[in-house]
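Contents: one structure, followed by commentary.
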Amino acid sequence: MRVIAGKARRIPLSTVEGLDTRPTTDRIKETLFNMLQNQIPGCHFLDLFSGSGAIGIEALSRGAESCSFVEKNPRAVSCIQDNLKKTNLETGACVLSMDVLSGISKMKQQKQKFDIIFMDPPYDCFLEKKVLELLQDGELLQEDSVIIVEASLKTDFSYMKLWGYELQKEKRYKSNKHVFLTRVNHLL
């Protein structure tokens, strides 16, 4: 695994040993960032269930102004910090060592706002639903923020319209998908 483009291009990234994390492959990461390329420069990025931090680090490398990482696994947090040092992308990075639901509550208290929120929760555990429920109030979102969920192909998002989300697009891969959501503006 490596940084695909930007300031830290080609720098290899460390990953967490074992099966606790499931790193996004370079090919999928490249496809994702090709879709986001015009939104990344100067944005405030939030990487939930960060794992090794590869997604948020890619955003920083490509010109995001800031990135907050939220990860509860201490070994993964250490990996994120090491990867930030290795890529010289510590400026603008904030690593929260806590579970995602607590991290969201903390960021709401601090009145933080994000342009892009990316989450890669453990598949088929319904954590994306809990996070989307917490994000419903729009407190962490700018008016045109996008939320990207990496999920298994069978993950059901049929509830999203009832919760005020609109599906912008869905990109399917062999074993997973990226779902791009926005909040319906009149609810913010």
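The values are calculated or read from the model by the stated rules, or taken from the named source; none is laboratory data. In this text the structure is predicted, and so the values were computed from the model without any measurement. As a convention, Cβ positions derive from the backbone with ideal geometry for all residues, glycine included, and neighbour counts pool all protein chains shown. Please note that ligands, DNA and RNA were not included when accessible areas were found on the heavy atoms of the full protein model with its side chains. Shrake-Rupley method; radii C 1.70, N 1.55, O 1.52, S 1.80 Å.
Within the stretch 95-131, the set of residues being in a loop (DSSP other than H, G, I, E, B) and open to solvent by 30 Å² or more (accessible area, probe 1.4 Å) comprises M98, D99, Q110, K111, Q112, K113, P122, Y123, D124, C125, F126. Residues considered: I57, I4. Of these, the only one that is outside any helix (DSSP H, G or I) and either buried (at least 23 other Cβ atoms within 10 Å of the Cβ) or modelled with pLDDT under 95 (or both) is I4.
Please determine whether any residue of the stretch 141-153 is among the small types (G, A, S), crowded, with 16+ Cβ neighbours inside 10 Å and over 20 Å from R75 (Cα atoms). Yes, the conditions are met somewhere in the stretch 141-153. Only residues that are touching an Asp or Glu at 6+ places or on another chain (Cβ under 7 Å) and under 30 Å from E139 (Cβ atoms): list them for the stretch 1-38, please. T24, K29, F33, listed by residue number. Restricting to the stretch 63-76, what's the tally of residues that are surrounded by 22 or more Cβ atoms within 10 Å (Cβ to Cβ) and farther than 22 Å from L101 by Cβ? Summing the residues that are surrounded by 22 or more Cβ atoms within 10 Å (Cβ to Cβ) and farther than 22 Å from L101 by Cβ in the stretch 63-76 gives 1.
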